[in-house]
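Q: Questions regarding the structure given below will be posed in turn.
The values are calculated or read from the model by the stated rules, or taken from the named source; none is laboratory data. Quantities reported herein were computed from a predicted structural model and do not represent experimental measurements. FYI the Cβ positions are ideal-geometry reconstructions off the backbone, even for glycines, and counts take in every protein chain you see.
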Amino acid sequence: MSRRYRIEVGTANSSLLQAGPPVSAAFGTKAAASNSLPAAFQTFFPLDVLPDGKNVNASYMDLEFDLNSNSGSSQNQGAQMITIWGVTPQMVATVQQLNNLPITVYGGFAKGMPLATAMAALGFNPLVSGIIYGAFGNRKGTDIYICLPIIPNNGVSIRSQNGEIETPNLTMDGKKGEQWGTVITRSIQQAMPNAQFLVDVRPELILSEDNQGTGYSLDSIGQIWISEANKILGKTPNYMGIMVYWKGNKLIVTDNPNVQGSKNVTIKAEQLMDNPTASNSQQLQLTCPMRSDIYIGDTVTVPQDVLALAQSTSQFGQNAVGTTPNTTAANSATVAALAGSYTVTGVRHIGRARAADAGSWASVFDITYLEASKTASQVPVNDGSQPFGQKTKPTNTSVPVAS
C-alpha cells in the first residue's frame, strides 16, 4: 500500500508557501508540543503511515477525509473534516479537549509501485492547516472513531478572552475614485491586524461610488469584492476575476494569475484518473491521484495530448456561448482548442486510506481558462499514454496506436 498520510496536532502550523516533507518521527513518539494534548493522545500524534520515514506501517489506522476549498469561500467552516477509525474509548471521551489546537494534515503517496513512486516525487505537502473546532467521537458497530472538523487557518478567526473561536467582523469603507486594492487592504488590516495577507489586484479596479457597510464575514465581503471586480472588468478578454483564498496562514486577494507564491504546473496524461471534464464554456475539472503540490491560485497547463480522449465540446459552441465578446477556448468545437493555461479556482481532496478503489485517494481541481496553448502543432501527441499511467503497445512499429 503506497497511500500515505500524516496528522500533526498541537504543533506549529506549517505554511503552504514553504511546504516540504515533514520531519520523520517514530510511530507513537511524542511531538515537541504533545504534552499540551490530553493524556490519551500524547503518544498518538503525529500519526504517520511511514513510522520510520521509509517503510509503510502495515497496521496503520484507517483515515477518511473530504477537504474542499474554493476561491469563492475563504472560511470553509465545516467543509474540512477528518475521521480517524480504530481509536480507543478514552480518546472518544477526551476528544473535545483537542478543540482550538492547531492541526496539519498531509497526504499523498509513498514510494512503491512505479505510478505511486512517480506521484510521491511530486511532494508530500500539507493538504490543510488550521484549528480543530467541534471535535467529537462515537461508535458504529464494532468501530470506534473520532471526527476532527477544521477551520482551515488561524488568520481567518480570532480567539476571544475565554479561548473561543470568533469570526472577525469586517467593514467596508470605500470612497468614490479609490482603488479597490486600497479599500481591500484597509478592510483586512482593521479586522485582522495580526493576519498575514497579500492584496494584488489591477489598478483599473476603481470605485465608481462610495461603498460602505459593516458586519461582514470574510466570505460575504469577499463576494462583494468579486462581484464589483466582475462589473468593472468582466468583459475584458481572459480576465479571471478576483480570487479570495488562504495559502497556509496567508490570505491572498488577487486577480493576477502570476501572483507572488504561485507556480505553473503541467499536467501529464498519466497523472489523470479520468478524462478532463468541461463543466462550462471556460472551466475544466481534473481528477488526479492525490497530490499536494497544486493550490488555489496556481496556473495549470493542459497539453493537447491530455485532451485526446476528452468529451466533444460542441455543446459549448457559439450558440451556447451566445454573444460573449471575448474569444474563449470553448468557442471552438475541437477538443484541441481546450489546450492551454488555466488558473486553479477550487481544490478537493478525497481520502479513505483503506478503501480499495482508486477514486478513494484522489484530488479534484477546478480550473478556469486563461489563454490558449502556444504550441505550434495542433496534432495531439500519440505516444500511447493513457490516463492513470496505463500504456498500450503498438501492434505495428510503423504506425503508432492512438491513445
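Q: Is it the case, given these coordinates, that Met113 is at pLDDT 90 or above, surrounded by fewer than 22 Cβ atoms within 10 Å (Cβ to Cβ) and not charged (D, E, K, R)?
A: Spelling it out, it is not the case that Met113 is at pLDDT 90 or above, surrounded by fewer than 22 Cβ atoms within 10 Å (Cβ to Cβ) and not charged (D, E, K, R).
Q: From the set of residues in region 42-73 that are touching a Phe, Trp or Tyr at 6+ places or on another chain (Cβ under 9 Å) and aromatic (Phe, Trp, Tyr), which is nearest to Thr343 (Cα to Cα)?
A: Taking the candidates together, the pick is Phe65.
Q: Can you tell me how many residues within region 97-130 are assigned to a loop (DSSP other than H, G, I, E, B), closer than 24 Å to Ala40 by Cα and within 22 Å of the chain's Cα centre (by Cα)?
A: 1
Q: Scan region 185-203 residue by residue and report those that are surrounded by 12 or more Cβ atoms within 10 Å (Cβ to Cβ) and within 19 Å of Thr236 (Cβ to Cβ).
A: Matches in region 185-203: Asp200, Val201, Arg202.
Q: What number of residues in region 78-96 are assigned to a loop (DSSP other than H, G, I, E, B) and over 25 Å from the mean Cα position of the chain (by Cα)?
A: 3
Q: Further question: When the residues of region 227-243 are filtered to those that are closer than 21 Å to Val347 by Cβ and modelled with pLDDT of 90 or more, which remaining residue is farthest from the chain's Cα centre (by Cα)?
A: Ile242
Q: Counting only residues that are touching a strand residue (DSSP E or B) at 6+ places or on another chain (Cβ under 8 Å) and closer than 14 Å to Thr368 by Cβ, give me the strands (runs of 3 or more DSSP E) lying completely in region 211-284 with at least 3 of them.
A: The strands (runs of 3 or more DSSP E) meeting that bar are 277-280.
Q: If you don't mind, there's one more thing I want to ask. For region 309-365, name all the residues that are modelled with pLDDT of 60 or more, over 18 Å from Met240 (Cβ atoms) and in a loop (DSSP other than H, G, I, E, B).
A: Selection gives Ala353, Arg354, Ala355, Ala356, Asp357.
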